Amino acid sequence: MASHNDLGVKGETIAKEHLEKNGYEILDENWVHGKAEIDLITYLNRQIIFVEVKTRSSTAFGLPEDFVSDAKQKQMELAANEYIELMNHQGEIRFDIISVLFDKQNNHTIKHIEDAFWPEN
């Protein structure tokens, strides 16, 4: 596996642990619908939260969360709609981003951006 894939898996593990520590129930990981993948699908306070995890080892090209493009948001929305229908969820939803940034000493910082975006219909 390429080192950037290893970094991504490591970031998703850190994000999952962060969410669980904060009371989120993990419903699904790496859920795929069509071309879209949602890294983590969680549940908290009767709300389904669709989470995109971005992990980087440098900010040379921008912050990790800057890499959640409009196209990615649209793909997440399509996948989320399918998931909501499959689960027959009648409550609220939201889209979060978790940014994991590693430094040269392999220490990391995590930023959880709640309600990071709301895809347009």
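Where a number appears in this text, it was derived from the coordinates with a stated rule and is not lab data. Fair warning: this is a prediction, and the values are worked out from it, not measured in the lab. So basically every Cβ, Gly included, is an ideal-geometry build from the backbone, and we count neighbours across all protein chains shown.
Just a few scattered comments:
- Reported count of residues in the range 45-71, each being closer than 16 Å to residue 98 by Cα and assigned to a strand (DSSP E or B), is 9.
- All positions within the range 5-23 that are under 13 Å from the mean Cα position of the chain (by Cα) and either in a strand (DSSP E or B) or within 22 Å of residue 75 (Cβ to Cβ) (or both): 8, 9, 11, 12, 15, 16, 19
- Here residue 43 passes the criteria (1) touching a Leu at 6+ places or on another chain (Cβ under 8 Å); (2) free of Cβ contacts under 8 Å to residues at least 12 places away in the same chain except the one numbered (2).
- Inside the range 80-121, residues that are farther than 19 Å from residue 31 by Cα and basic (Lys, Arg) make up a count of 2.
- The residues in the range 72-121 that are surrounded by 10 or more Cβ atoms within 10 Å (Cβ to Cβ) and either in a loop (DSSP other than H, G, I, E, B) or touching a Gly at 6+ places or on another chain (Cβ under 6 Å) (or both) can be counted, and the count is 6.
- The residues of the range 41-75 that are over 15 Å from residue 116 (Cα atoms) and among the aliphatic types (A, V, I, L, M), listed by number, are 44, 60.
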